[in-house]
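For reference, the structure is listed below as structure tokens.
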Amino acid sequence: MYRGRIEKDFNTWVSKGMLDAGAAKAMLAEYDARESVFSTGRVLLILAAVLLSAAILLLVAANWEAIPRLVRVGGILGLIWAFYLLAAFCLGRGVKGLGAALLVLATMTFGGAIALVGQMYHLSGDAADALLVWFAASCVAAIVFRSAALSVLCGFLAWAVFGQLVVDNDASLDGNGYIYLIPLLVVVVIALVRYTNAGIARHLGYLLALAWLAWFYTELPEVWVAAALFGAGLLAFLIASLPVSPLYRFARDAGAAPSFYSFALAILGLAALHAETSGFAQETVLGATTLAVALGGIAIAGRLNGAVRFLGYAVFAAETLYLAFETLGSMLGTSGFFLISGLVVGLIAWLVIRVEKRLSAQTVAEGSVA
């Protein structure tokens, strides 16, 4: 999608004489040569590796009793080492797509081996223990091979640990304590993203952080927790989005994700505060705060961050409709609510158009100065 958009922009600029055709072709070629660029062939190779690992493990499991115990263990270890060595060979020869697929195949086989060996020797422990061991081994392999594909796998495994804890009802404040490892897993995944240049995996880490914080609030639904989520999100958003921040350049290097997900955390905190707030005066103050945060997010980061701009518009529209329903709509009835809703949506549309024109004008002005 992004590649098609920049190619269309390049063609437009070439036709207007703003860009040389040779330069546009060279820039597209450089973009296509990047390791992080999406490739359908590589994705299919990864999927093939996942399916092959599942087939191998199911084949072994189906004939488990017919295979001597020592042969079972040796065979599994041999498969893992063979896949890793073949991956190293392919990567050394520059066949990166096949090498990444073999790394995924080896790591998936390792995860299946944990389950099969644990079942064979009746080892104690639960699924969360096995997933944590699998996650740790995947992280080591991702670091050794500097593999973006394995970083993505680590992101999914971190989610699997969190999901398993929730399913087993171990995700509680007084549970087995594993749930408090989730923030550490998030940090590890994001660190792997920067080390291996696995751009897509950063979203798995940020979303897991939001999910864990939402879980924390559901376990401890208190006003101070909701306020803490809002305050932490707003502070992180300002640090990541304001040019005067000492961490602004670092956040910009990480892309649009830090600003967007910190803004989303602030919105999550505001939603939690709505659930904890009662009374007309409190709801009015909180509603005004929500509108101010939505517009402030658009003003601060909306011009350069489309995700923040979209979320800000959505929150502003939803909060405006909510306030209209709670105040005027409840007094005028259903027909009055629809009338007010239509007027409010029209006003929001007018504001969005004005904001978009202003942001576009700022972009054009900065381009002219540059």
### Query
Under the Karplus relation 6.51 cos²θ - 1.76 cosθ + 1.60, θ = phi - 60°, what is the ordered set of whole-Hz ³J(HN,Hα) values for the range 289-302, x standing for Gly and Pro?
5, 5, 4, 5, 5, 4, 5, x, x, 5, 5, 7, 10, x
### Message
Between V117 and R146, what's the calculated FRET efficiency when r is the beta-carbon distance and R0 is 41 Å? Round to 0.05.
### Response
0.90
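Go through the range 260-323 and name the chymotrypsin sites (Phe, Trp or Tyr not before Pro) that are in a DSSP coil and have 15 or fewer other Cβ atoms within 10 Å of their Cβ. Walk me through the intermediate numbers first.
On the way: sites: F260, Y261, F263, F280, F310, Y313, F316, Y322; in loops: none.
Nothing satisfies the criteria.
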### Message
Using Cβ contacts closer than 10 Å as the measure, can you line up I298, I239, I76 from fewest to most?
### Response
I239, I76, I298
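Based only on other Cβ atoms within 10 Å, what is the fewest-to-most ordering of C90, C154, C139? Could you put the intermediate results ahead of the total?
Details: C90 18, C154 31, C139 21.
Ranked by crowding around the Cβ, least crowded first: C90, C139, C154.
Per 0.36 nm of contour for each residue apart, how much would the distance between H203 and L304 grow if the chain were fully extended, relative to their Cα-Cα spacing?
Fully extending the segment from H203 to L304 adds 34.5 nm.
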### Task
Arrange M18, M27, M108 by Cβ neighbour counts within 10 Å, fewest through most, would you?
M18, M27, M108
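Rule-based calculations on the coordinates, nothing more; no lab input. As the structure is a prediction and not an experimental result, all values here were calculated from the model. So basically every Cβ, Gly included, is an ideal-geometry build from the backbone, and we count neighbours across all protein chains shown.
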